[in-house]
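Just so it is clear, none of the values below were taken in a lab; they were calculated from the coordinates. Nothing here was measured: the structure is a model prediction, and the numbers come from that model. Here the Cβ positions follow ideal geometry from the backbone for every residue, glycine too, while neighbour counts run over all protein chains shown.
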Amino acid sequence: MIDIDRTGAGANAGAAKPTTGVAGRLRNYFLTGLVVAGPVAVTAWLIWWFVTWVDNLVRPLIPQSYRPETYLPVNIPGFGLIIVFVVLTLLGFLTANFVGNRLVNLGDDLLGHMPVVRPIYRTIKQIFQTLFSSSDSSFRHVGLVEFPAPGMWSVVFLTQPPSAEIAARLPQSEHVSAFLPCTPNPTTGFFFYVRREEVIDLDITVEQAMTLLISAGIIQPGADPQNKLAALAQTARAAQAARKAAPSPVE
């Protein structure tokens, strides 16, 4: 009876290994598929959401007789986005001309004399000009500053140097404008002037720094997602090879 119990225990132990191996293989396959399909699905959903949002804003402004769904049996997504692109391009073309430039200046003067609208309009206009400017001198560099305490370093975006009026009141050294975004929402943060020698320049792009901040350090600059995917696939293959090499349970 003792020998029978030992044999049964050995059989059960041998049968438990394939169960663990199969579970590990399924887990690795699932994670590999998630890494492949997850970013694609989220990107497709965000694009679809943006296109639908623009369509819902523009479609009520278009007369019913000019909408494609009036003549087609299906609704065409992205029609509103095409209208917005054409209108903005036409607006830029007209603004580049003399008459369009005069109209834009007239609109700026009109909004600039409104007490409540003036600061909001000017701030938003400066932000848009900075973000979409073709100049490489603004918001194009990433650095490290020692903040909020000695020995603790934070990622900052370097923008324009201070104006002459502000630089005249700063200590006698070169200063730069620094924006320190918060995690995981980089649209908020702190703005301050810092000495240039106290900034450590980073050889990474603004997009890589944004990814670092949004992920709270999970995705480090230089980390290749394909290497992670390859590592997951290699783990799955190793588990499969170990499963095939494992001895069959003793009957």
Would you please give the FRET efficiency between VAL35 and ALA96, computed as 1/(1 + (r/R0)^6) with r the Cβ-Cβ distance and R0 = 41 Å, to the nearest 0.05?
0.35
Per-residue Cβ neighbour rank within 10 angstrom, fewest leading, PHE192, PHE79
PHE192, PHE79
Any idea how far apart VAL58 and ALA241 come out in nm if each label point goes 7 Å out from Cα toward Cβ?
5.3 nm
Kindly state, to the nearest 0.05, the FRET efficiency for LEU81 paired with VAL104, given R0 = 22 Å and r defined as their beta-carbon distance.
0.40
Would you mind counting up the charge near PHE147? Only other residues with Cβ under 13 Å from its Cβ, with Lys and Arg at +1 and Asp and Glu at -1.
-1
Using modelled backbone amide H atoms (1.01 Å from N, in-plane), which distant-in-sequence or interchain residues come within less than 5 Å of HIS175's amide H?
ARG196
Quick check on the exposure proxy: order TYR71, TYR121 from fewest to most C-beta atoms within 10 angstrom.
TYR71, TYR121
Would you mind ranking VAL142, VAL117, VAL40 by Cβ crowding within 10 Å, fewest neighbours first?
VAL40, VAL117, VAL142
12 Å beta-carbon shell around PRO77, net charge (K/R +1, D/E -1)
-1
